[in-house]
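Okay, structure first, notes after.
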Amino acid sequence: MPHAHRDHPHTPAPSTAAIVLAGGAARRLAGRDKTRLPVAGVPTLERVLRSAPVQRRIVVGPEGDDGADITERHGARFVREEPELAGPAAALARGVAELGDLGDTARVLVLGGDMPLLRTETLHALLDRAALGRVAAIAREDGTAQFLTAAWPLALLREALAAVERPGTGWQDLALRAVYAQLTPEQLELVPATGAEAADLDTPEDVAAAERAAGPRIALAQIEVSEDVDANLDAVRRAVERAAGEGARVLVLPEATLTPFGTDLRVAAEAHHERFAALLEALGEQHGLTIVAGSFSPADGARVHNTLLVRGGGVSAEYRKIHLYDAYGSRESETVAPGEELVVIEVDGVSIGLATCYDVRFPAQFQALARRGAQVIVLPLAWGDGPGKSDQLQVLLRARALDATCVLLAADQAPPAEYAGRAPRGIGESAVIGPLGQVRTRLGREEGLLLAEIDLEEIAQARLALPVLEHGAADSAL
């Protein structure tokens, strides 16, 4: 599914925008600005802006000390409601006025600046529904609409605001409920929330719950792997810089990032593995990232281990691929020795299991990682191309996420355009899979970067609803 932006299967249309209501100090939070409270180390407003999949972002609220930096990094424009502190409906009307001639066919996200666990894929889904002419909002736990996470057709939003405007005072002291009350039942669609994405920060208890739910931002880099090792190291440097610029705390690169299959793996392992590990360590420390990347390390005899290196962010670990790809005419075991140990690492309090490519066909490994505490499993790939292989990959990714009730993050190689060899060089299709098998987002065959926000509440809810790990514990073979 090619797309111009290369980071998400939806390309933001010019006729989409976001209005973020960021009202400033909160009485129940001791006068602190709840839109600037850090959640998992990132200010809430920043988390909201980076989740909004649009080209125009209007923040209605105080610019504060960080406004210039936010404007530069997110293209956000700060405005104030008129008159000051006039209330949420007035703030929304001010944001709509700032859109100017965006056009009545446009769609607008109405977001709260204090909602730290919004998901980009959910906001895309809301925008898709708004394109059908109705308002789409996520639902709270009690089944009511979360007014501060909704997508509106702009024409309908203007009509609703005009209907409640009062002569002389405009929208002053009006709540958003008055605006939404102008909709008929047919004009409002509620979309179930996942995990903690409907939560906003009104009380200290809300803030504590958000901190418990918020995991690290993880980037998946789908890159083309060259037979030139130095070119691959340069590609890694570029991916690290981009992931760090997007606020990621973990970067996952494909299997065999050091050198592709079909080359002399032993020579590459002896000449470059240690250099590669040192580079990852240095890049991770420089950019504040934990980096996972596929390499090859020397094994006994002439073989190598197919090794995932994990370096940076205070983490140093290695996973040696357990299941070797002796299938579809390939004989990985001729050049690669199998590993024996499962590996789970921890980043920012979240447990991340490691697996590699062909491992995905063995559900017991993924269940064992989950039983050892993994909430997320990363899966670097160099998937072999061929008839039916894309379909198989997608089925397997979803099945393994379900088996382990984990978030599954798969990072494949982008296949070279002219490659006609037999060695696996990837098919693309890197993906983020939710713990109940939902495809959150996926790339096509081209190079690109996917970003995943980890919501631990979503994983906990999935395991409560589907307790397969508990039920299958007696059957565990690992």
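In table form, for the structure just shown:
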item: Every residue from the range 165-177 that is in a helix (DSSP H, G or I) and crowded, with 16+ Cβ neighbours inside 10 Å; result: L176
item: Qualifying positions in the range 353-375 - under 21 Å from A460 (Cα atoms) and either in contact with a Pro (Cβ under 9 Å, 6 or more places away or on another chain) or open to solvent by 40 Å² or more (accessible area, probe 1.4 Å) (or both); result: L354, P363, A364, Q367, R371, R372, Q375
item: Test result for L342, part of a strand (DSSP E or B), among the hydrophobic types (A, V, I, L, M, F, W, C) and in contact (Cβ under 8 Å) with a residue 60 or more places away in the chain; result: no
item: Close pairs from the range 457-472: first outside any helix (DSSP H, G or I), partner open to solvent by less than 30 Å² (accessible area, probe 1.4 Å), Cβ under 6 Å, at least 6 apart; result: L466/T405
item: Helices (runs of 4 or more DSSP H) enclosed by the range 187-290 - at least 1 residues per element that are within 19 Å of A414 (Cβ to Cβ) and open to solvent by 10 Å² or more (accessible area, probe 1.4 Å); result: 229-245
item: Restricting the range 323-351 to residues that are β-branched (V, I, T) and open to solvent by 20 Å² or more (accessible area, probe 1.4 Å), the residue that is farthest from L456 (Cα to Cα); result: T335
item: Scan of the range 376-408 for residues that are surrounded by 21 or more Cβ atoms within 10 Å (Cβ to Cβ), more than 20 Å from R425 (Cα to Cα) and in contact with a strand residue (DSSP E or B) (Cβ under 7 Å, 6 or more places away or on another chain), ordered by number; result: V376, I377, R400, A401, A404, C406, V407, L408
item: So L118, is it assigned to a loop (DSSP other than H, G, I, E, B), in contact (Cβ under 8 Å) with a residue 24 or more places away in the chain and surrounded by 16 or more Cβ atoms within 10 Å (Cβ to Cβ); result: yes
item: Subset of the range 131-160 (residues that are under 17 Å from P192 (Cβ atoms) and open to solvent by less than 10 Å² (accessible area, probe 1.4 Å)); result: V135, A136, A137, I138, Q146, T149, A150, A151
item: Residue satisfying all of: in the range 417-455; among the small types (G, A, S) and in a strand (DSSP E or B); farthest from D264 (Cα to Cα) among these; result: A452
item: Among the candidates A68, A30, A4, A25, residue that is more than 22 Å from R107 (Cβ to Cβ), open to solvent by 10 Å² or more (accessible area, probe 1.4 Å) and either within 26 Å of the chain's Cα centre (by Cα) or at pLDDT 90 or above (or both); result: A68
item: Among residues of the range 77-115, those that are surrounded by fewer than 23 Cβ atoms within 10 Å (Cβ to Cβ), part of a helix (DSSP H, G or I) and under 29 Å from the mean Cα position of the chain (by Cα), counted; result: 2
item: Flag for A317 being farther than 19 Å from A423 by Cα and assigned to a strand (DSSP E or B); result: yes
item: Of the criteria (1) among the aromatic types (F, W, Y); (2) modelled with pLDDT under 95; (3) open to solvent by less than 10 Å² (accessible area, probe 1.4 Å), which one Y419 fails; result: (3)
item: Hits in the range 38-58 (condition: open to solvent by less than 10 Å² (accessible area, probe 1.4 Å), farther than 11 Å from H74 by Cα and assigned to a strand (DSSP E or B)); result: V39
item: Residue in the range 295-315 that is charged (D, E, K, R), out of contact with any Leu (no Cβ under 7 Å at 6 or more places or on another chain) and open to solvent by less than 60 Å² (accessible area, probe 1.4 Å) present; result: no
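The values are calculated or read from the model by the stated rules, or taken from the named source; none is laboratory data. Being a predicted model, the structure only gives us computed values, none of them experimental. In this analysis, Cβ positions are derived from the backbone assuming ideal geometry, glycine residues included, and neighbour counts consider all displayed protein chains. Quick note on the areas: whole protein, heavy atoms, side chains included, nothing else; ligands and nucleic acids left out. Shrake-Rupley method; radii C 1.70, N 1.55, O 1.52, S 1.80 Å.
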